[in-house]
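Colleague: Take this structure, written in structure tokens, and hold onto it; I'll ask about it next.
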Amino acid sequence: MDIIYSYISSHVDTAEDIKDILQETMLSVWNGLKSFDSRSSFKTWVIGITRRRIADHYRKRYRDAADRLSEFEDILSSEDDYERINNRNDIKAALAVLDKTEREIVFLAFNVQLTYSEISEIMGIPAGTVKSRMSAIKAKLRKQLDKEGGYGRV
């Protein structure tokens, strides 16, 4: 449930909308359990349903998807609070150079910990494309982080 909540909150701004989409997602999962055929993992199937509920939310309201993404505090380890805050800000700045699709791939890979095959299934693109996009994303983040303060490998 935490993964679904985090996924929704990375795309939606208001707590009320998050709760509504979460409720719609859980209802869809409940109603669709009989049709779940185990061609994919349960987690992938639920994330796919969640993604469709988010898209439905934005179609109803005629808005673009929100560009927020959960922060990756654990990417960098620092004992110093000042450094941690600076690192967090640098990561946010680096993530800002990514487009919506790239941020979604990063979220699914790091926050939800899905495989490239699972991400491929959810996003409807070949697994090889996910892998090559992730490689390009890492290069883009590495370049941006180096610009921000030289953090080494991403």
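The values are calculated or read from the model by the stated rules, or taken from the named source; none is laboratory data. Please read these numbers as outputs of a predicted model, since none were measured by experiment. Neighbour counts are summed over all protein chains in view; Cβ atoms, including those assigned to glycine, are modelled from backbone coordinates with ideal geometry.
Colleague: Quick check, is ASP74 at pLDDT below 80, of a type outside the set (Phe, Trp, Tyr) and part of a helix (DSSP H, G or I)? Outline the logic, then answer.
Modeller: Working: at pLDDT below 80: yes; of a type outside the set (Phe, Trp, Tyr): yes; part of a helix (DSSP H, G or I): yes.
Yes; evaluated as a whole, the condition is true for this residue.
Colleague: Can I ask one more? Evaluate the stretch 33-42: report whether one residue or more is touching a residue at least 60 places away in the same chain (Cβ under 8 Å) and loosely packed, with under 15 Cβ neighbours inside 10 Å.
Modeller: Of the stretch 33-42, the ones touching a residue at least 60 places away in the same chain (Cβ under 8 Å) are 40-41.
Narrowing the set further to residues that are loosely packed, with under 15 Cβ neighbours inside 10 Å leaves 41.
Yes, the stretch 33-42 has at least one match.
Colleague: List the residue pairs whose Cβ atoms are under 8 Å apart, where the first residue sits in the stretch 122-144 and is more than 14 Å from PHE110 (Cα to Cα), the second is among the aromatic types (Phe, Trp, Tyr), and the two are 6 or more positions apart or on different chains.
Modeller: Final answer for the pair search is ALA127/TYR116.
Colleague: I need the helices (runs of 4 or more DSSP H) fully contained in the stretch 93-148, keeping only those with at least 2 residues that are surrounded by fewer than 16 Cβ atoms within 10 Å (Cβ to Cβ). Even if it seems obvious, please write down each step before you answer.
Modeller: Details: elements: 100-106, 116-123, 127-148.
Filter on the stretch 93-148 gives 100-106, 127-148.
Colleague: Any residue at all in the stretch 49-70 that is modelled with pLDDT of 85 or more, among the polar types (S, T, N, Q) and surrounded by 14 or more Cβ atoms within 10 Å (Cβ to Cβ)?
Modeller: Yes, some residue in the stretch 49-70 is modelled with pLDDT of 85 or more, among the polar types (S, T, N, Q) and surrounded by 14 or more Cβ atoms within 10 Å (Cβ to Cβ).
Colleague: Hey, can you tell me all the residues within the stretch 49-63 that are part of a helix (DSSP H, G or I) and either aromatic (Phe, Trp, Tyr) or closer than 16 Å to ASN111 by Cβ (or both)? Before the answer, list the steps.
Modeller: Here is the first cut: in the stretch 49-63, the residues part of a helix (DSSP H, G or I) are 49-61.
Those that are part of a helix (DSSP H, G or I) and either aromatic (Phe, Trp, Tyr) or closer than 16 Å to ASN111 by Cβ (or both): THR50, ARG51, ILE54, TYR58.
Colleague: Among the residues of the stretch 1-39, write down those that are part of a loop (DSSP other than H, G, I, E, B), within 19 Å of MET123 (Cβ to Cβ) and within 19 Å of the chain's Cα centre (by Cα). Lay out the reasoning, then the answer.
Modeller: Within the stretch 1-39, the first condition is being part of a loop (DSSP other than H, G, I, E, B), and the residues that meet it are 1, 10-14, 36-39.
Next, from what is left, pick out any that are within 19 Å of MET123 (Cβ to Cβ): 10-12, 39.
Residues satisfying the conditions are SER10, HIS11, VAL12.
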